[in-house]
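Heads up, the thing below is written out as structure tokens.
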Amino acid sequence: MLNAYLDGRTSLTGIIVKIVFLGIVDALAVFGLFLLADANAWTGFALVAAATIVINWVYLSSRTIPLKYLVPGTIFLLLFQIYPVAYNGYIAFTNYGDGHILSQEAATQRILSVNQRVPEDAERYSTVVLSNGSDEAEAPAESSDIALLLTGEDDVQYLGTFEGLRELEPGEVTGEGQDLRVGDYAPLTLLEANERSAELVGAFTVPLDDGAIQLQTFTVAARTVSDLTYDADAEVIVRDDGTEFTPVEGYWTSDDGETLTPGFRAFIGFDNFAAVLGNEDIRGEFIGVLIWTIVFALMSVITTFILGLGLAMALDDDRVRGKKIYRSLLIIPYALPSFMTALIWRGLLNQDFGFVNQLLGADIPWLTSRAFNGLLPRASTLLVNLWLGFPYMLLVCTGALQAIPGELKEAAKVDGASGFRAFRSVTLPLLLVTVGPLLIASFAFNFNNFNTIFLLTGGDPPIRGAATPVGYTDILISYAYRLAFGGSGGVDYGLAAAVSVFIFMAVAVITTISFRRTRVLEEIN
Amino acid sequence: MTTLPAATPKPGSPGDNERTHLAPKPRRLPPGLWFRHVGWRHLVGVLGLAFALFPAVWVVSASVNPTNSLAAMSFFPDAPTLNNYRDLLFDEPFLVWMRNSLVVAGGAAITMTVLSAMAAYAFSRLRFAGRRVGLLAILLVQMFPQLLAMVALFLFMARIGLVFPGLGTGTLTGLFLVYLGGALGANTWLVKGFFDTIPADLDEAAKIDGATHNQVFWQIILPLSAPILAVTTMLSFVFLFNEYILASILIRDELSFTLAIGLSSFISEQNSQWGVFTAGALLGGIPIILLFLFLQRYIVSGLTAGGVKG
């Protein structure tokens, strides 16, 4: 760096900017490394350390000029696009989801602490149930806002949380009744406790090294002992009655097939893919969604193109006064953010009170009819997508039409071609040359048009009796979203990830076709 | 399509010659012929406008309705009111959502443009091993939007949040960083294409005068590319402003909502606040619409070169 400056290959400002920039990056990196080490996240630690070294090398060496420009974007690309795709592929091979959220280690600990029994002579504590008011588990990791203030027979007080037990110093507990405070913790009201009794009484457990303390009633907790013994080296859990449990596909399972809950994340091979393709119910639903996705994307492109082109041609005449005003106003549906559009149409198409039915004086179930496999809601999504998408085609076609030489149309006319014939044989082919790649791009976009579907219908109306949560208007991406994040059917990250992998494959096919068509690969220079 | 020979549009001058065509010639057409040649075009245009604008008319009407429920709404309310706007601005965190959206989408759009312009410079001006492969890889990546990996992104950000609470799920910073992951895929090709049209002689000359590659990039290439950079920033901004799926997965807290999540939270199966929602759609949508109309010409060129917006 110094040599470069002395040789005049770099400027003083450049050097200062670089030093400040690297200083900030390194400071953040060191801070991050401390946190990672503290959390025992050694993979992350190694990656951050390696990335920091690479960044410093790239910006301090004078032989890495291209990398200086590529590294910043590439880091984000690797971290938030490439890695998630790979991780998604991994998740597709696991049973990650409801009942299998924890790692094997955490699930084992949980099983050992939950499977407790209260011995006759158990030590008991008078108890106050507290909460620190934090949200429910933020992440799929285990945590809880609940804590127990335990008072033993000897009047020593303890604070028990999901992490363990801590003896309280005198003075840490202040106030009485509902005003009682221990740090951030305040008592639950009786009403709150009642609402949450399922996760409290007989369930909330403070783990100890030997056994645990479990809440028996809202005011009493008892020292319990485990009837399970865990042998980490042999990877086996033995119950007092001699039954042995070994890990099988995400559950500790006995020879008789008895399982201990909760289960844990485990590699299950192609099971998710087999479920999509092999399980008759799920396969039928998946294929139904796939076909509708293709129809939706294709019809969206066709309808928007026809309407957009029609309007573009109608307005493509200099004798039409106010063309600019027409075009400017027609662009508004496209300019309006699409999440708003979909929601607005949800109101417009409401069966009972929607504006459209008011105008028509009708009672048409635009978004909710199940007749003919949800034909009407499906048509409605296409109508809304037409409204949303035709201005784009209008813009594009207007540009393309103006680029077609007028002489060509003249020549067709001189040769005696009718208006329609001239359009079909001259205008349309020339137009498609320009617009073709954009049509493919539009297809690819609509293939994953989450906003329109999810915000308009949410994928509904639901298909009755379906094995997975799925509705008639669901496209693949909204289907995957439901599997992973919503719906009453529970959460199945593994299956959702597998569906995503199928979407990837479909997109890969579209991409291949589009590359062939645009020949973009040959143009790289 | 029937066209009179005299009226062939002149390529490249859209609408500019409207005024010259006010010359009496078309006026002299008898009414029947006028309709056949020109009038039907107006008819189509007006029908198109009716289709395009009637939802907008309803939005305006709903936003001044005194009631929030569709059931009690009338198209011409007896007593139009601005109560919905007042509720939106003072009782609901609309302004906070708007700020979140502007900061996250705006910040990410600008950063994305800088990142992709840097990469585009390397691909356009420098020659190095792996350049072709890199370009191809970016083209491929562009085809697979981030939202396809939403499950993995959610779980990944949750894990990050355990170590760095300020960056994980639930934080706008985390959302911002996730958006940056799409930077190279979104714009690099578009910007590179533009850089390629800037004569290389220009930077050669600068280099002979002693400019470093840095100075060439920041002081020559970037200023010359201002229009395309403005368009990419604008398109990225609109895309991110619209982005719903990742924001809905990663953000939980009401005060961290983006406008997309916030406004959609007014509409639910059980209890929809249509009045407040439509008021929000108008206030949130109009700036974007104006931006669009204002930059229409540039956007069209950007769109045809790049991809589509949602």
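Just so it is clear, none of the values below were taken in a lab; they were calculated from the coordinates. Just so we're clear, the structure is a prediction, and the values are computed from it rather than from any experiment. Quick reminder, even Gly has a Cβ in these numbers, built from the backbone with ideal geometry, and neighbours come from all protein chains shown.
For the listed residue pairs A:LYS68/B:LYS192; A:LYS18/A:LYS68; A:LYS324/B:LYS192, the alpha carbons are over 21 angstrom apart in A:LYS324/B:LYS192.
For chain B, a Gaussian network of Cα nodes joined below 10 Å ranks B:ARG127, B:ARG99, B:ARG86 by mean-square fluctuation, and the top entry is B:ARG127. Look at the stretch A:241-253: the mean tally of other chain Cβ atoms within 10 Å of its residues' Cβ atoms is 0. With K and R counted +1 and D and E -1, the other residues having a Cβ less than 14 Å from that of B:TYR85 yield a net charge of -2. Its Cα centre serving as origin, segment A:152-248 has a Cβ charge dipole (Lys and Arg +1, Asp and Glu -1) of approximately 360 debye. Counting only Cα atoms, the size of the protein assembly as shown along its three principal axes is 109, 81, 54 Å, in decreasing order. Considering helices alone, the calculated mean residue ellipticity of chain A at 222 nm is -16500 deg cm²/dmol, with DSSP H runs of length four and up weighted by -39500 (n - 2.57) and normalised per residue. Averaged over the residues of peptide A:84-93, the number of Cβ atoms from other protein chains lying within 10 Å of each residue's Cβ is 5.
Taking the 0 to 90 degree range and rounding to the nearest ten, how far is the long axis of helix A:42-60 tilted relative to the main principal axis of chain A, both from C-alpha atoms? Once rounded, the angle reads 50 degrees.
Applying the criteria of a DSSP loop state and at most 16 other Cβ atoms within 10 Å to the trypsin sites (Lys or Arg not before Pro) of segment B:168-257 yields B:ARG252.
Helical content alone sets the calculated 222 nm signal of chain B at -18500 deg cm²/dmol, taking -39,500 (n - 2.57) per DSSP H segment of four or more residues and averaging over every residue. Calculate the translational D of segment A:2-91 in whole µm² s⁻¹ from Stokes-Einstein, where the hydrodynamic radius comes from the Kirkwood formula applied to all Cα pairs, the temperature is 37 °C and the viscosity 0.692 mPa s. Translational D for this selection: 219 µm²/s.
As a proxy for reagent exposure, ranking A:GLU105, B:GLU269, A:GLU199 by other Cβ atoms within 10 Å from fewest up yields B:GLU269, A:GLU105, A:GLU199.
Given +1 at the Cβ of Lys and Arg, -1 at the Cβ of Asp and Glu and no other charges, the dipole of segment A:275-523 around its Cα centre is 500 debye to the nearest 20.
What is the local net charge at A:GLY458, summed over the other residues whose Cβ is closer than 12 Å to its Cβ (Lys, Arg +1; Asp, Glu -1)? For residues surrounding A:GLY458, the net value is -1.
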